[in-house]
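Participant: There's a structure below that I have some questions on.
Taken together, the values in this text are just the output of simple stated rules run on the coordinates, not laboratory data. Everything quoted here is computed from the prediction, not taken from an experiment. A quick note on method: Cβ atoms are made from the backbone with ideal geometry, for glycine too, and the neighbour counts reach across all protein chains shown.
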């Protein structure tokens with residue numbers, strides 16, 4: 001009895017995916033990619049090869065190049081936890097902090113069990129874990145992850161902003177001020193940063209500087225912004241009546 005060999009053109013999507021997995025597990029990522037490509041070409045809604053391809057691309061540090069596959073997977077299976085986690089990682093790279101929270105809805109258990117070695121070899125993951133912890137109100141871990149991440153990327157504005165907020169919540173005004181002074185020149189239209197910075201300056205009794213920051217916030221915010229109204233009252237309390245009046249007119 002003769003054995004019939006399948007020609008490559010006759011392989012099924014599952015077979016192409018299996019060939020890719022064999023190559024990947026042998027440490028031959030570059031050889032794996034064409035096999036995943038062929039599986040996806042034959043079955044565009046086949047999630048497994050898309051996810052495998054995205055992981056390889058992310059491992060190469062090309063996170064944004066993996067985004068089309070991740071978005072395609074989430075369009076097919078919005079609750080796929082691995083795709084959601086990788087999507088959050090990409091959003092974190094793009095400083096879309098609020099979108100990260102939404103992407104993590106399907107990943108409740110993954111960040112808790114994420115291997116420590118991955119965090120060390122992929123520093124960006126530290127930022128993602130910091131964001132996850134922050135939105136879960138696990139502030140001690142958020143502080144730890146973000147501080148570790150900033151050792152790798154000290155100028156990342158999104159991480160600096162979250163850490164400044166945590167420092168203020170923890171009553172560490174000096175560290176918060178240090179972070180906000182680094183942030184403010186680079187974020188002239190970020191109302192939240194201006195409000196935190198102005199409030200910190202007020203608490204440090206640097207009233208004249210605080211009024212300048214809050215005037216800038218008032219000029220670009222919507223009427224009735226609650227944080228600004230609160231800070232205007234701080235200005236009045238500090239005896240800066242004329243300047244506080246200016247803010248009320250601007251706001």
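Participant: Can you give me the distance in nm between label points at residue 79 and residue 139, each placed 7 Å from the Cα along the Cα-to-Cβ direction?
Facilitator: That separation, rounded to one decimal, is 3.3 nm.
Participant: Kirkwood hydrodynamic radius for the range 121-191: how many Å is it when counted over pairs of different Cα atoms?
Facilitator: With all distinct Cα pairs of the range 121-191 included, I get 12.1 Å.
Participant: Once all Cα-Cα distances of the range 156-204 are split into 10 Å bins that start at 0, what whole-number percent is in each one?
Facilitator: Histogramming the range 156-204 at 10 Å steps yields 30, 64, 7 percent.
Participant: What is the distance, in nm, between label points placed 7 Å from the Cα along the Cα-to-Cβ direction at residue 219 and at residue 175?
Facilitator: With each label point 7 Å from Cα toward Cβ, the separation is 3.4 nm.
Participant: A further question follows. Going from the alpha-carbon gyration tensor of the range 1-108, what semi-axes, largest first and in whole Å, does one get by taking the root of 5 times each eigenvalue?
Facilitator: Computed over the range 1-108, the values are 31, 14, 10 Å.
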